[in-house]
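Have a look at the structure below, then the notes.
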Amino acid sequence: MNAPEGFAEEFETIRQRVEWGRATLGSENHLAHDKIFIEEFRAFYCKWQPLLQDPELRAPLEMMHRNIESDFAPKLEALFWSKLKVVIGGRAEWLAAETLFRASVTVAAFLRDMPEEMRAKIVAASREPNISALLDGERTYREAEQMVNESEAGFRKDLAEFEVDWPERVNTALRQRLEQLDAQGIKAWQAEIEAELIKLQDRTVAEPL
């Protein structure tokens, strides 16, 4: 069993990186490294697989290839979909805050124009200790506006992190879909993501090296 020159050394280096990657896969700190490693392994496999004629030499390479494509790659892909799910959740919170804010404008106008006699009767009849604050239309408006600003900031932060982690996947079409999402679109996209995660989970099968 004579291996082609250079194969044994490269294979051992790759094997050690697989072991290290198995321990760190899923950590955002190693995401860029994991993506690069998978591409490097695929190049390694394409280089050596056609040159190995001996079944005993091919067997460990094929087993490693199965590990990468059925364990590492699906898990890395699942990280992408899971992070996108977080981003869409942030967009849903922003959308809900905007809806509440629009309602608060109407409520604030109603409370502002409420006759003082009616206001006094409501306060007198209520057992809510904070009833006066609840009847403060301006306060309701300000709180709703703050919620919009905070939820938008949270969404922008999640999106920025997502773009840093997955620059090769965040394109104009994805950004536009995020910006134009409505409640129905959010539910549809979340269902798509759940379906992708289930498929990836079904694909993930690790073998001992």
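The residues in the stretch 3-17 that are touching a residue at least 24 places away in the same chain (Cβ under 8 Å), more than 38 Å from the chain's Cα centre (by Cα) and more than 12 Å from R58 (Cα to Cα) can be counted, and the count is 0. Just for the stretch 39-67: of the residues that are surrounded by 14 or more Cβ atoms within 10 Å (Cβ to Cβ) and modelled with pLDDT under 90, which one is farthest from A78 (Cα to Cα)? Residue satisfying both the conditions and the ranking: L57.
In the set A73, A23, A96, only one residue is in contact (Cβ under 8 Å) with a residue 12 or more places away in the chain and either more than 19 Å from L200 (Cα to Cα) or out of contact with any Lys or Arg (no Cβ under 9 Å at 6 or more places or on another chain) (or both); that residue is A96.
Among the helices (runs of 4 or more DSSP H) confined wholly to the stretch 91-193, which include 3 or more residues that are at pLDDT 95 or above? Steps first, please.
Numbers: elements: 116-125, 131-134, 137-165, 172-179.
Once the helices (runs of 4 or more DSSP H) in the stretch 91-193 are filtered for at least 3 residues that are at pLDDT 95 or above, what remains is 137-165.
The single condition among (1) on the phi < 0 side of the Ramachandran plot; (2) over 24 Å from the mean Cα position of the chain (by Cα) that A78 does not satisfy is (2).
The values are calculated or read from the model by the stated rules, or taken from the named source; none is laboratory data. Given the structure is predicted, the values throughout are model-derived calculations rather than measurements. When we count neighbours, we look across all protein chains shown, and the Cβ atoms used for this are built from the backbone with ideal geometry, even at glycine.
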